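The values are calculated or read from the model by the stated rules, or taken from the named source; none is laboratory data. None of the values given here were measured: they were computed from a predicted structure. As a convention, Cβ positions derive from the backbone with ideal geometry for all residues, glycine included, and neighbour counts pool all protein chains shown. Surface areas here come from the heavy atoms of the whole protein model, side chains and all, with no ligands, DNA or RNA. Shrake-Rupley method; radii C 1.70, N 1.55, O 1.52, S 1.80 Å.
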Amino acid sequence: MGNKNTIIEFNNITLKYPEEKDPILKNLSFNIKKGDYLFLIGPNGSGKSTLFKLIMSKIKQNSGSLFLKDNLNIAYISQDIGNSLFIDLTISENLKLMNINLDSESKLQEYLSEFNENLTKFLDKPIKYLSGGERQALVLAIKLFNIPDLLLLDEHTSALDPKAEKILMSLSNKKILENNITTIICTHNLGLLKEYGKKVIIMHEGKIIPEDINKENFFNYYFTKF
C-alpha cells in the first residue's frame with residue numbers, strides 16, 4: 001500500500017461470475033482515500049454493484065489483490081429498506097434491535113429530528129406505514145449513529161419521488177460533509193452528480209475510464225461515449 005490515508009486499494013482485480021462468459025471486473029486498479037467523496041456512474045452491467053459487493057467482502061476476486069484497512073467500519077444503504085429495517089416492527093423496536101441507545105427520550109427525539117421531524121412523531125408506528133422518504137431518513141439515522149469509516153450509497157434515492165429524493169440527497173450530503181465521511185454514491189441520476197458531486201468515477205465494461213475525468217468535463221465525455 002502506498003499512501004497512509006488509503007483505506008481501500010484495488011490492484012489488478014479481475015472477477016468473473018461462474019455463469020458468465022466474460023469477467024465483470026477487468027484488471028481494476030485504483031484506491032480510495034480517507035475523506036474521498038465519489039460518485040460512481042456507469043451503464044447497467046458495468047460492474048458498479050459488483051464493486052460494492054467486493055468492498056463489503058460478499059464476494060472475492062479471481063485474481064489481483066484487494067487491501068482493506070483493518071477494522072474498516074462500512075455502512076451500506078440501498079433503495080431496498082428490507083436490507084436495513086424490519087418493516088413490521090415500529091421505529092422504536094427497530095432502534096432497539098439496532099442498539100440505537102441515547103440517554104433520554106429527549107436526546108432520541110433531538111437526534112431523529114436531524115434526519116426527519118416526522119420520525120419523532122411516529123416512534124410507535126410500524127415501518128411499513130411510513131413514507132419512502134421517512135424510511136430512508138430512518139435508515140440514514142441508524143447507519144450514521146456510529147460514524148462509519150466508509151459509506152456506500154447504492155441508488156439510495158432512486159425509489160423516491162422527485163421531492164423526497166431531493167430532500168434525502170440534501171440530507172445525505174449535509175451529514176457526509178459535516179462528518180467528513182468517506183463516501184461512494186452509486187447512481188444513475190446525473191442531476192445528483194451535477195448538484196453535489198466533486199469527483200466522479202465512470203465504470204464501463206468492468207473498467208474505470210478515464211482516470212483523470214472530473215466533474216467539469218464529465219458531461220461532455222459521458223454523453224459522447226454512452
Considering the range 32-44, residues that are open to solvent by 10 Å² or more (accessible area, probe 1.4 Å) and touching a residue at least 24 places away in the same chain (Cβ under 8 Å), and then whichever is nearest to N179 (Cα to Cα), we arrive at G35
Take the residues of the range 91-143 that are outside any helix (DSSP H, G or I) and touching a strand residue (DSSP E or B) at 6+ places or on another chain (Cβ under 9 Å): which is most open to solvent (accessible area, probe 1.4 Å)? D124
Residue check: is K33 more than 27 Å from I142 (Cβ to Cβ) and among the basic types (K, R)? no
Subset of the range 40-73 that is charged (D, E, K, R) and not in a loop (DSSP other than H, G, I, E, B) - its residue that is modelled with the highest pLDDT: K53
Can you tell me which residue within the range 45-90, out of those that are open to solvent by 40 Å² or more (accessible area, probe 1.4 Å) and among the basic types (K, R), is nearest to I176 (Cα to Cα)? K69
